[in-house]
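The numbers here are math on the coordinates, done by the rules we state, and not lab data. Computed from a prediction, not measured in an experiment: that's the story for all the values here. Positions of Cβ are backbone-derived with ideal geometry, glycine not excepted, and every protein chain shown enters the neighbour counts.
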């Protein structure tokens, strides 16, 4: 039987995740992967799981295996409320929506807000999963001009003024893929712009708990509550396989998100939600998080030191205070897709940066490196190998900017364009 004629027209705008395909290669024996945004197995609280399961069984019994509310398991929603209050987001458990990972929220946002041809404003580069979630609904993308501190408020204002923007999508803290973080004054300016333009922001915040240095910053949601859909996850601080995400949205948006979820999966796994509730209620996150940070911080420092030691002098990179990624930019004319092919042959994997741009011809000279999954010895060896490959494939020398090369990297800049 032929099936092509049965497919909906929107399938023309769907594609396989480049990162998921790269991870298939990276999982081959002997390859050191700097590719996926994957928590280290050593970060999982395996020593707690048996006790948490027993607590769930004692406290909830067969309720933990029954159908539940679409909005989420109420004990988990109530446990998340003080967790969010610690970030400056003051809300009740009744207003929190639990999802099967944060990716489900992004797809639901696209489903309820995007009609073909409407404009979504976003950073450039941006999270590939957001592009995958939004693109099937056929938006146009407006790239917001960025620098090494993230979105420029004046550029966002220009985008909002010149376009009818359905919503803005940002990852303000330890952004995927660049690792950059919006400073407080820019967050405040963006909050003012949202109010002035009556604009909606989708604030994706999966990494803010993973801060290794510096001071925590308030989410934009705390500065403009009625103009922000805030998305979070426990995947990075509990276990990604449990698929526990959540969002806090203005009531009209939340009601539509619930309707969409009813049509997709009815509700997130009750047992997994109960485990997450026990994890939060027992204070385990507060006790376990320092263990995660002490695992990742040295790996980040090892990667930055290795980049300093091994990469050619015309490369630049970010120096994130947290998160999971370092963003590397080579000189104009370099092609990280070609470097990737040669690196895989030498048992090293990473993600070429052009996948994170809505315009695929952009970012050819960039790459994203993950430091949470490999250990320190693997990181040093992999970066040394990449440095050798890059030296062998060097393009013409470039004049250094006044800021120098080490410890500073200007993110790729995108003009105010709609495409």
**OP:** Sum -39500 (n - 2.57) across every DSSP H segment of at least 4 residues in the chain, then divide by the residue count to get the 222 nm mean residue ellipticity, nearest 500.
**Re:** -12000 deg cm²/dmol
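How high is the FRET efficiency between residue 147 and residue 54 when r is their beta carbon distance and R₀ equals 41 Å, given to the nearest 0.05?
The pair residue 147/residue 54 has a calculated efficiency of 0.20.
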**OP:** Run the numbers on the chain and let me know its relative contact order in percent, using alpha-carbon pairs under 8 Å that are six or more apart.
**Re:** 24
Original post:
How far is it, in nm, from the label point at residue 188 to the one at residue 287 when both lie 7 Å from their Cα along the line to the Cβ?
Top reply: 3.9
**OP:** Go ahead and collect, in residue order, the members of the stretch 105-119 whose backbone nitrogen is under 20 Å from a label point 7 Å along the Cα-Cβ direction of residue 359.
**Re:** 117-119
Subject >> Cα long-axis angle, helix 153-162 against the chain (0 to 90 degrees, to the nearest 10) >> reply: 70
**OP:** Using only the alpha carbons of the stretch 220-324, determine the length spanned along each of the three principal axes and report them from longest to shortest in whole angstroms.
**Re:** 53, 33, 28
**OP:** Could you work out how far apart the two model spin labels at residue 347 and residue 10 are, taking each label as a point 7 Å from the Cα in the direction of the beta carbon, and quote it in nm?
**Re:** 4.5
Original post:
Which part of the stretch 200-214 falls in the paramagnetic zone of residue 91, meaning amide N under 14 Å from the point 7 Å along Cα-to-beta-carbon?
Top reply: 201-206
**OP:** Just order 368-377, 349-358 by mean Cβ neighbour count inside 10 Å, highest at the front, would you?
**Re:** 349-358, 368-377
**OP:** Report the calculated FRET efficiency for residue 46 and residue 297 (r = Cβ-Cβ distance, R0 = 30 Å), to the nearest 0.05.
**Re:** 0.90
Original post:
Under a plain spin-label model, where a point goes 7 Å from the Cα along Cα-to-Cβ, how far apart in nm are residue 1 and residue 162?
Top reply: 5.0
